[in-house]
Amino acid sequence: MAAFACAPTGGRLSHDVLSRYMSLDTRGKVQAEYIWIGGSGEDVRCKTRTFDKVPASVEELPEWNFDGSSTKQAEGHDSEVILKPVRIVPDPFRGGEHILVLCECYRPDGTAHPTNTRAPAAAAFAKDEASAPWFGVEQEYTLFEADGRTPLGWPKGGYPGPQGPYYCSAGAENAFGRAIADAHYRACLFAGIKVSGINAEVMPGQWEYQVGPCLGIESGDHMWLSRYIMQRVCEDFGVVCSFDPKPIPGDWNGAGCHVNYSTKPMREAGGYAAIIEAIEKLGAKHLEHMAVYGRGNERRLTGAHETAPIDKFSYGVANRGASVRIPRTTEADDCGYFEDRRPASNMDPYVVTAKIFQTTHLD
């Protein structure tokens, strides 16, 4: 029996065939990709619907629903979870006037779903908008072959040379996955995500991108959308993206999601005193923060590989082995920001940014 002309090769469908259809005119119709966070708190879910026109604002978009029993967010006998749109950005995959729609999850009775971490974060930031909390988040991630076990660029069943030449590297022998990092960068810029840079990381096959500065709840929104875009880019390339904080055990760097933070008083002249006060507040609640800074973080925060031990809090100027790093420019200028290096790569940006703001400013 003859094979179909567009049959998949090696389990992957042809993007050349797909492009014929994606170039077709949608005759004024707009495709909207509704995106939400699933029951694990780390999985991104999505589905698409059609509208007759581009919405003028997020308020014009209708609520939708999904089967929560399939995402660990409901039981089968009462499975409906409501999606409420909260942010619209251009869709870098479909292009044109098509959109991505970030949503919150609600119960049918109108209360926030227990997995909805955005609602309490937004409420926390609304308590003092004048303080203008800025966040710059450094998202590390690790690329794997399609088998999900071999980091990109690593020999099958073996190990590459020791760490050293891979950080901020160039060259085929050191930089593995640049095409993905660049594709993600460009897709985020198209979508209006505040991505501010990228670099190869210390472990081969590991990269980082930065999002910010963002104001308050905007940080979590842009982070989740950037993660969704990363998953879609990797889907196109046939590789797997991991946000695990210690993807390879042993003498290899883990993956973090460092949070650079400041409030208006910290950025003003003489704000260094407010920075030190905020850092000491973080130290007083170190264990509280560790409890919400990411699953599996104890495998990463060992005191080695540019981390502080998970059970000890420390801070210092230009110290990447401390829990919190103060940039030299902040010390020199007597104002600025600081970097919380404790969050894991899989942390929930809504939970972490709100927790930092609550501890340092609201408490």
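The values are calculated or read from the model by the stated rules, or taken from the named source; none is laboratory data. Just so it is clear, the model here is predicted, and its values are computed rather than measured. Here Cβ is always computed from backbone atoms with ideal geometry, including for glycine, and neighbour counts include all displayed protein chains. Accessible surface areas use protein heavy atoms only, side chains included; no ligands, DNA or RNA. Shrake-Rupley method; radii C 1.70, N 1.55, O 1.52, S 1.80 Å.
Couple of notes before you dig in:
- Single condition ALA183 does not satisfy, out of (1) in contact with a helix residue (DSSP H, G or I) (Cβ under 8 Å, 6 or more places away or on another chain); (2) under 30 Å from ALA32 (Cβ atoms); (3) open to solvent by less than 10 Å² (accessible area, probe 1.4 Å): (3)
- Residue check for LYS127: out of contact with any helix residue (DSSP H, G or I) (no Cβ under 8 Å at 6 or more places or on another chain), farther than 17 Å from VAL211 by Cβ and either surrounded by fewer than 17 Cβ atoms within 10 Å (Cβ to Cβ) or free of Cβ contacts under 8 Å to residues at least 60 places away in the same chain (or both): no
- Only a single criterion out of (1) at negative phi; (2) at pLDDT below 95 is not satisfied by GLY250, namely (1).
- Matching strands (runs of 3 or more DSSP E) fully within region 60-112 where at least 2 residues are crowded, with 20+ Cβ neighbours inside 10 Å: 80-90, 99-106
- Within region 54-68, residues that are in contact (Cβ under 8 Å) with a residue 24 or more places away in the chain and in the same structural domain as VAL86 (by the TED database) reach partners that are among the aromatic types (Phe, Trp, Tyr) and surrounded by 14 or more Cβ atoms within 10 Å (Cβ to Cβ) with beta carbons closer than 6 Å, at six or more positions or on different chains, in the pairs TRP64/TYR34.
- The number of residues in region 333-347 that are more than 21 Å from SER226 (Cα to Cα), part of a loop (DSSP other than H, G, I, E, B) and not small (Gly, Ala, Ser) comes to 3.
- Answer from ALA130, ALA121, ALA56, ALA112 - the residue that is in contact with a Gly (Cβ under 8 Å, 6 or more places away or on another chain) and either over 25 Å from CYS188 (Cβ atoms) or among the hydrophobic types (A, V, I, L, M, F, W, C) (or both): ALA121
- Within region 208-244, the set of residues being closer than 22 Å to ILE35 by Cβ and assigned to a strand (DSSP E or B) comprises TYR209, GLN210, VAL211, GLY212, CYS214, LEU215, VAL240, CYS241, SER242.
- If you filter region 16-46 down to residues that are in contact (Cβ under 8 Å) with a residue 24 or more places away in the chain, in a loop (DSSP other than H, G, I, E, B) and among the acidic types (Asp, Glu), you find that the one that is farthest from VAL101 (Cα to Cα) is GLU42.
- Conditions (1) open to solvent by 40 Å² or more (accessible area, probe 1.4 Å); (2) at negative phi; (3) over 16 Å from the mean Cα position of the chain (by Cα); (4) modelled with pLDDT of 95 or more: number failed by ALA119: (1)
- Restricted to region 273-293, and to residues there that are of a type in the set (Gly, Ala, Ser) and farther than 17 Å from ASN260 by Cβ, the residue that is surrounded by the most Cβ atoms within 10 Å (Cβ to Cβ) is GLY283.
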